[in-house]
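Structure first, then comments.
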Amino acid sequence: MSESRRLRAPDIAYLNDVYFGPGSVALVPELLASYGVSRPLLVTDENLAALGLPARLGLGAHALYAGTETNPGEASLRACVARYWDAGCDGIVAFGGGASLDLAKLAAMMTVHEPPLEQYAIAAGGGARIKAPPPPLVAVPTTAGSGSEVGRAALLRLESGRKLGFLSPLLLPRAAVCDPELTLSMPPRLTAATGMDAISHCVETFLSTRVNVVADAIALDGLGRGWRAIRGAVADGADLEAREQMMQCALMGGLAFQKSLGAVHSLSHPLGALGDARLHHGTLNALFLAPVLRFNYEACRPKLGVLARAIGLTSAVEVPDAFARLIEELGLPRRLRALGVPREALAALAPQAVEDHCTATNPRALGEREARQLYEEAW
Ligand SMILES: [Zn+2]
């Protein structure tokens, strides 16, 4: 079949099993057994491993890869896949934030696909090349942010210096186990940053130009939950009710972003590949929300009015400032310069933002000049 006649992806698809609620992490061994997995590879990061949190999974015989870094790169992916084969694994448990989940999803894919990785990227039209079913993967988020546990996409920093997206139904974890108790020990700054990622998913998918009214309803409800709970979760990390609401918000954002995202993510992704790549995805999204909403305002005013009501406001015009105030209240940085981004770097980022896979569904066209202006405004 030629590329052009290939059936496109369905507009609405909610496919993987989700187990949600305090204590649900205890289900992981049973789930693995039901998938016939006897020796899983646990993919996580050093911090969580040092805290001993993976013990909560109650795994029997398993192998460990704890090398996930912020904005993981290709070297980590290769090491993770090598660990999988060396240890004779037959399934994967992804345990951590979006970085560990995305790395594990791509590692599962690369156990059954030939390198190089880049040929499978959205930017290279690679979705159709992802064909072989990967080993079973159970995703267990320990932050309430990325929504990667229910998403068909994953991002990775490539050796070419770009942070690229990958998209295929085969990247979807077999099951997501969302236990809000796992997020209780998350420090306030990470709670705020990951929570703003979840909130930005709800905002951007709702405003995305693609038509999917099911996703719209989910995004609006998820946004309301996140908006009402994030201050409480940041102020008191032990507030399980707030943690649960934030995890719902993250899950709903992840379920909705099959509608694709917008310029907040387009601007954020190139910065996630910059320099030593320590810039946190959620922190960046938080900072771009207000400027992008002002930029998009005329192109999506009626929808912004609906969005306003979901967060207890009365009119569209109040929305951008409300997000600016929220990140200030949460103590998140409001300027790129506060994150140590050199102003000289901005010019090179703008064309990457335009080419990003999230740009096409932003409500207003984003060219290089506009991207540069938004970077300058946020600097
Ligand atoms: Zn995001």
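None of the figures in this text is laboratory data; all of them are computed from the coordinates on show. Note that the structure is predicted; figures quoted are calculated from it, not measured. Reconstructed Cβ throughout: ideal geometry from the backbone, glycine too, with neighbour counts over all protein chains shown.
Of all trypsin sites (Lys or Arg not before Pro) in the stretch 272-321, which ones are in loop regions per DSSP and have a Cβ with at most 12 other Cβ atoms within 10 Å? When the trypsin sites (Lys or Arg not before Pro) of the stretch 272-321 are filtered for loop state and at most 12 Cβ neighbours within 10 Å, Arg278 remain. Packing-based ranking of 282-293, 209-220 yields 282-293, 209-220, ordered from highest to lowest mean Cβ neighbour count within 10 Å. What is the Cα centroid distance between the stretch 322-372 and the stretch 87-162, reported in whole angstrom? Here the answer is 25 Å between Cα centres. Counting each pair of different Cα atoms once, what's the Kirkwood radius of the stretch 133-223 in Å, rounded to one decimal? For the stretch 133-223, the Kirkwood estimate is 14.8 Å. Would you mind classifying the stretch 201-328 by shape? Square roots of the alpha carbon gyration tensor eigenvalues, ordered a ≥ b ≥ c; an a/c under 1.5 is rounded, otherwise it is prolate if a/b is larger than b/c and oblate if not. Verdict is rounded for the stretch 201-328.
When you count the other C-beta atoms within 10 angstrom of each residue and take the mean per peptide, 61-70, 197-206, 264-273 line up highest first as 197-206, 264-273, 61-70. Taking 7 Å steps out from each Cα toward its Cβ at Ser185 and Ala123 produces label points 3.7 nm apart. For the stretch 118-183, trypsin sites (Lys or Arg not before Pro) meeting the loop criterion (DSSP other than H, G, I, E, B) and having at most 16 other Cβ atoms within 10 Å: Lys131.
Any lysines with Cα under 24 Å of the Lys163 Cα? List them, leaving off those in the same chain fewer than 8 positions away. Lys163 reaches Lys105, Lys131, Lys259. Overall, the anisotropy analysis places the stretch 260-365 in the oblate class: the square-rooted eigenvalues a ≥ b ≥ c of its C-alpha gyration tensor yield a/c not less than 1.5, with a/b not exceeding b/c.
Under a model in which nothing but the beta-carbon of Lys, Arg (+1) and Asp, Glu (-1) is charged, the chain shows a dipole of about 640 debye around its Cα centre. An ellipsoid equivalent to the stretch 1-135, defined through the eigenvalues of its Cα gyration tensor, has semi-axes of 27, 19, 15 Å when rounded to whole angstrom and sorted largest first. With the cut-off at 1.5 for a/c, could you classify the stretch 210-251 from its C-alpha gyration tensor as rounded, prolate or oblate? Taking the square roots of the gyration eigenvalues as a ≥ b ≥ c, the stretch 210-251 is prolate.
Considering only beta bridges that DSSP places wholly inside the chain, some 20 percent are antiparallel. The helix-only estimate of mean residue ellipticity at 222 nm for the chain, built from DSSP H runs of length n ≥ 4 each weighted as -39500 (n - 2.57), is -14000 deg cm²/dmol after division by the residue total.
Once the C-beta distance of Ala75 and Val317 is scaled by a Förster radius of 56 Å, the resulting FRET efficiency is 0.75 to the nearest 0.05.
Taking R0 as 56 Å, what FRET efficiency do you get between Ala347 and Glu30 from their Cβ-Cβ distance, rounded to the nearest 0.05? My answer for the efficiency is 0.60. Here the extension length gained between Arg334 and Arg369 equals 10.4 nm, from 0.36 nm per residue of separation less the Cα-Cα distance.
Put simply, when 141-148, 33-40 are sorted by average Cβ atoms within 10 angstrom per residue, most first, you get 141-148, 33-40.
In the chain, the C-alpha radius of gyration followed by the widest Cα-Cα span (Dmax) gives 19.4, 58 angstrom.
The residues neighbouring Val138, those whose beta-carbon lies less than 13 Å from its own, together hold a net charge of -3 under the Lys/Arg +1, Asp/Glu -1 convention.
Using r as the Cβ-Cβ distance of Asp17 and Arg39, and R0 as 25 Å, what FRET efficiency do you calculate, to the nearest 0.05? Rounded to the nearest 0.05, the efficiency is 0.70.
Taking each residue as 0.36 nm, the span from Thr209 to Ala87 lengthens on full extension beyond its C-alpha to C-alpha distance by 39.4 nm.
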